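Notes follow the structure.
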Amino acid sequence: MAISVVAIVVTRNLFSVIVLSGAYSFLMATVLVALDAVDVAMTEAAVGAGVSTVLLLGALHLCKSEEAKPVHKPWLPLAVSVSTGALLIYGAWGLPDFGDPDAPIHQNVVPRYMENEVDVPNVVTAVLASFRGYDTLGETTVVFTAGAGVIALLRRRKKGPEKTREKA
Amino acid sequence: MIRSLVSAVALFSFWLLLSGMFVPFLLAAGFGCAIAIKLFSKRLSAIAEESDVLELNWGKFIVYCPWLVEEIIVAAWDVSKRILSPRLPISPALVEFVPSQKTDVGLVIHANSITLTPGTISVEAEHGRFLVHALTEGGAKSLAGSEMDRRCAELEEV
Amino acid sequence: MKNDLVLRVLGRLMIPAILLFALYVQFHGDFGPGGGFQAGVIAAAGIIFYALIHGVAATRRLVPDGVVETMVASGVLIYAGVGLAGLLLGGHYLDYSVLSHDPVHGQHRGIFWVEVGVATTVCGVMLKIFYMFASRGNSED
Amino acid sequence: MLIDILSGIFLAGGAFFCLVGGIGLIRMPDFYTRMHAASVTETLGAGLMLVGMMLHAGLTLVTAKLILIGLLIFLASPASSHALAKSALMSGLKPLLGATPSDDEVPPSKP
Amino acid sequence: MLAHFTNIITVFLMVAGLYIIIARGNLIKKLIGLSLFQTSVYLLYITPGKLIGGTAPIISPQYSVYSNPLPHVLILTAIVVGVATLALGLALAVRIREAYGSIEEDEILDRDHSVEADEAKGAH
Amino acid sequence: MLSAAALALLLTVALALARAALGPSVFDRLQAASTIGTCAMLLLALLGFLDERPEFLDLALTYGLLNVIGVIAVLKFFHLGRIANKSHENAEDA
């Protein structure tokens with residue numbers, strides 16, 4: 001997976017980048033399955049390999065497919081990224097161990113969720129739709145808003161693009 | 001009418017295979033979904049201006065499948081030996097030939113069988129013209145008028 | 001690509017299967033992996049597959065813009081409506097227990113309708129976005 | 001017991017062919033020949049593994065689902081590799097031909 | 001070391017995404033970097049929820065230990081919102097391309113500068 | 001045996017990744033990506049058996065469906081994109 005990430009960073013042809021990110025999200029989904037997040041993996045596979053690939057391609061075929069050569073030296077961003085990474089790794093030593101059942105995350109509300117008072121075997125669905133119904137309503141609204149935003153941005157007006165191009 | 005009933009039943013059995021739960025609610029949902037999708041797929045075909053049903057000699061098709069599997073195994077073993085041998089003994093070739101099938105389905109089955117067999121890939125498949133890329137020249141020569149061609153043509157005889 | 005024989009036959013076989021699979025994911029969200037969002041995305045992917053084979057114009061005839069826009073809005077309305085129904089039947093907003101005589105059954109019913117709402121919106125939005133991107137490119141050529 | 005051994009053999013065979021396909025993907029000289037290597041993975045490798053898992057599962061609905069997955073692979077993978085090869089040829093990627101390439105065998109690549 | 005291996009991978013992904021976002025000028029590449037960054041966040045949330053020996057949180061009588069479902073729910077929402085923002089960002093990029101004829105940050109800035117210079121000249 | 005097969009699949013994924021990273025043309029990468037998709041699908045089914053939770057097969061099916069759609073989408077837009085870009089560049093030149 002790391003290889004594909006590095007390849008995504010280095011590659012300059014955007015078509016190849018999109019293909020690589022599709023492969024990356026398949027691998028990501030497999031990792032998520034290994035971490036028991038079945039629903040998340042399904043979503044990630046559906047989104048990463050299906051929809052966002054198509055969307056990126058759709059945007060790309062309206063734009064240029066080759067990235068320009070960078071004009072700046074990459075050292076400053078690299079330094080910023082690496083130092084952020086070092087800081088985060090330093091911080092990560094304070095986190096609980098991987099798979100530790102006594103970690104705080106397993107102590108609070110989750111036992112109540114797992115009691116399954118809704119009688120739906122898939123706890124993720126139960127929590128998503130019932131216990132956290134407001135979150136999901138908000139999520140649906142965000143999707144709706146994004147759709148509306150895209151419609152507003154990409155709706156075809158007569159002579160719209162030419163005018164702006166002349167001004168520029 | 002009978003044909004669309006058959007395909008609706010096929011869709012419903014697909015649902016049952018997926019579900020494996022025989023709760024009344026889910027059975028009813030499956031039935032409804034199968035019918036809805038059958039109607040929707042009629043619309044799909046109508047807009048694409050295609051016939052809705054696939055004509056095929058199913059009896060011969062059942063005989064054809066094991067034969068194809070055997071071909072695949074033989075070819076895959078051959079290709080694997082070539083991949084693993086240190087000298088990489090390949091001589092890629094492109095051949096063009098005329099398939100003897102007439103219908104869409106027959107042509108597609110032939111093209112897919114060619115692609116499924118490791119060592120040969122159908123590059124272009126149209127009525128009356130196949131373009132095939134083969135890993136070895138021997139494999140390329142044996143394609144035109146092959147047994148696969150004959151068997152696929154037999155599948156069309158309804 | 002548009003008239004590719006192999007792809008056309010594949011599409012004829014696969015698109016109904018994909019759509020049925022999406023509905024299966026929708027209805028079995030309670031029992032296994034899946035749910036409204038995944039179902040919406042898979043269904044949208046199936047229809048996008050049709051668009052890839054037969055072109056966007058044919059797809060617009062298959063699922064017209066009006067239908068898609070109605071789907072986008074009605075999904076959110078279904079979700080909010082479920083909450084409102086709970087409110088009207090004497091519970092809290094988005095409290096499903098009052099939707100039926102038996103609280104557990106009410107929860108089932110509420111979850112089902114909420115998932116339907118999510119699936120409808122997601123499918124509609126994905127299709128709409130795809131239409132927007134694809135049609136913009138085609139008419140520019 | 002016998003079934004366990006048999007399924008183990010099938011799984012091992014599938015794993016072997018998958019690996020061979022992967023090696024071929026690296027070793028082959030050009031795109032079209034790499035596709036042949038990949039098709040080894042996608043047909044025999046996947047097929048044998050699925051058979052192995054079916055034997056492991058026994059006669060349940062799991063087997064039915066595995067058969068569905070197998071059908072999906074066998075329907076979809078040739079179609080997608082056909083499309084891949086076709087558009088590679090259309091975009092002007094010339095295949096490497098023969099040990100001694102002869103020019104008259106190169107087909108006219110259409111735009 | 002092994003206990004924190006997953007954290008290190010998460011941080012690596014995050015850094016890669018961050019690097020793409022700040023170092024590359026292409027807007028679409030920036031968006032891809034953003035989604036890379038998002039996946040690292042997914043991983044950050046999901047990994048603590050895993051219990052050694054636990055299985056997926058789909059209740060069935062054979063199992064007693066399940067992984068924590070709460071992060072799954074949160075991340076499910078996050079993925080959905082992520083796609084929505086990606087689509088919106090892409091639409092913006094397309095519009096910018098139509099207005100400026102480019103999606104490279106530097107070229108866009110250059111063009112802005114030249115337009116400003118022209119306007120300044122016109123004013124004088 | 002199951003875990004050995006899973007290991008072999010992981011190795012195959014690694015090889016395909018190398019090809020995806022090296023691959024000179026887009027088609028090479030695409031071929032590698034679709035191989036990765038197939039391997040991930042098999043890996044998922046195997047993981048399901050290792051965990052003894054065969055519900056994961058649904059996921060494998062999803063992967064298979066989306067893999068095909070992704071490959072064909074890239075191919076389709078690759079052609080469209082080239083044509084669109086060319087005509088656009090010509091228009092700007094003129």
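The values are calculated or read from the model by the stated rules, or taken from the named source; none is laboratory data. Since we're looking at a predicted model, the values are computed, not measured. Here the Cβ is made from the backbone with ideal geometry for all residues, glycine too, and neighbour counts use every protein chain on show.
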Practice task
Among the numbered conditions (1) touching a residue at least 12 places away in the same chain (Cβ under 8 Å); (2) more than 7 Å from chain D (Cβ to nearest Cβ); (3) farther than 18 Å from residue D:39 by Cβ, tell me where residue B:137 comes up short.
Solution key: (2)
Exercise for the section: Report whether or not residue B:81 is charged (D, E, K, R), surrounded by fewer than 19 Cβ atoms within 10 Å (Cβ to Cβ) and within 30 Å of residue D:50 (Cα to Cα). Expected result: yes
Fill in the blank from the handout: Counting only residues that are more than 7 Å from chain A (Cβ to nearest Cβ) and surrounded by fewer than 21 Cβ atoms within 10 Å (Cβ to Cβ), region E:1-37 contains a total of 8
Handout entry: In region D:14-52, the residues that are assigned to a helix (DSSP H, G or I) and touching a Lys or Arg at 6+ places or on another chain (Cβ under 8 Å)
Key = D:24, D:25, D:26, D:34, D:37
Practice task
Give me the pairs, please: first residue somewhere in region A:5-33 and not assigned by TED's automatic domain parsing to the domain that holds residue A:48, second residue anywhere and surrounded by fewer than 23 Cβ atoms within 10 Å (Cβ to Cβ) and modelled with pLDDT under 80, beta-carbon distance under 7 Å, and either six or more positions apart or on two chains.
Solution key: none
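Yes/no matrix, rows are residues, columns are (1) at pLDDT below 85; (2) in contact with a Pro (Cβ under 9 Å, 6 or more places away or on another chain); (3) loosely packed, with under 15 Cβ neighbours inside 10 Å:
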| position | (1), (2), (3) |
| --- | --- |
| E:77 | no, no, no |
| E:80 | no, no, no |
| E:87 | no, no, no |
| E:97 | yes, no, no |
| E:116 | yes, no, yes |
Exercise for the section: Would you check if residue F:23 is more than 7 Å from every other protein chain (Cβ to nearest Cβ) and either buried (at least 20 other Cβ atoms within 10 Å of the Cβ) or among the aliphatic types (A, V, I, L, M) (or both)? Expected result: yes
Exercise for the section: Considering only region E:58-84, state which residues are β-branched (Val, Ile, Thr) and more than 7 Å from chain A (Cβ to nearest Cβ). Expected result: E:65
Practice task
State whether the residues of region B:52-73 include one that is surrounded by 19 or more Cβ atoms within 10 Å (Cβ to Cβ) and among the small types (Gly, Ala, Ser).
Solution key: no
Exercise for the section: Being of a type outside the set (Val, Ile, Thr) and more than 7 Å from chain F (Cβ to nearest Cβ) is the filter; apply it to region D:3-20 and report the residue that is surrounded by the fewest Cβ atoms within 10 Å (Cβ to Cβ). Expected result: D:4
Problem - Every residue from region B:77-129 that is more than 9 Å from every other protein chain (Cβ to nearest Cβ), charged (D, E, K, R) and under 17 Å from the mean Cα position of the chain (by Cα) - result: B:102
Exercise for the section: Hand me the list of helices (runs of 4 or more DSSP H) wholly inside region C:22-112 holding 2 or more residues that are surrounded by fewer than 21 Cβ atoms within 10 Å (Cβ to Cβ) and either on the phi > 0 side of the Ramachandran plot or at pLDDT 85 or above (or both). Expected result: C:65-88
Handout entry: Residue check, residue E:120 among the hydrophobic types (A, V, I, L, M, F, W, C) and within 8 Å of chain A (Cβ to nearest Cβ)
Key = no
